[in-house]
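Student: Take this structure, written in structure tokens, and hold onto it; I'll ask about it next.
Taken together, the values in this text are just the output of simple stated rules run on the coordinates, not laboratory data. What you see is a predicted model, and the numbers here were worked out from it, not measured in a lab. All Cβ positions, glycine included, derive from the backbone under ideal geometry; neighbour counts span all protein chains shown.
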């Protein structure tokens, strides 16, 4: 038994309680640093207008953020797409910070079109121009 290995006696209830408290219920800073690793505590992201979140299966866009009051105004995009008009929702900043914003995938860069004119002509959006 690990308790005995640490010098405890089975007959002393106070001793057992102290062992449990010291081993499992108290955290000193060195234990916390080991648990967190080199990253430390993650800084909370503060949403900005235009950020997109999926909350409870619905898509929302941040309309405004009031950091002083800790409130975030959201527009329900899912409702707007289905009903044709938006509804708004106000949530606490701490609630929104539980979610990660949806990052848009970068669009594929447009591929250069082959030279349809031949002879090194330059392609513009309207027509091919000679070099």
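Student: Put a dot 7 Å past each Cα toward the Cβ at residue 19 and residue 58; how far apart are the dots in nm?
Tutor: Here the answer is 5.4 nm between the modelled labels.
Student: For the peptides 84-90, 72-78, what is the packing order when you average, over each peptide's residues, the other Cβ atoms within 10 Å and list the highest mean first? The partial results should precede the final answer.
Tutor: Numbers: 84-90: 10.9, 72-78: 18.7.
Ranked by mean Cβ neighbours within 10 Å, highest first: 72-78, 84-90.
Student: Still on this structure, please answer the following. Semi-axes of region 52-96's equivalent ellipsoid from the Cα gyration tensor, sqrt of 5 times each eigenvalue, largest first, rounded to whole Å?
Tutor: Working: eigenvalues 81, 23, 9 Å².
Its equivalent ellipsoid spans semi-axes of 20, 11, 7 Å.
Student: In nm, to one decimal, how far is the modelled label at residue 43 from the one at residue 104, with both set 7 Å along Cα→Cβ?
Tutor: Rounded to a tenth, the inter-label distance reads 2.5 nm.
Student: Along Cα→Cβ, 7 Å out, is where each label goes; now give me the distance between the ones at residue 94 and residue 68 in nm to one decimal.
Tutor: 2.1
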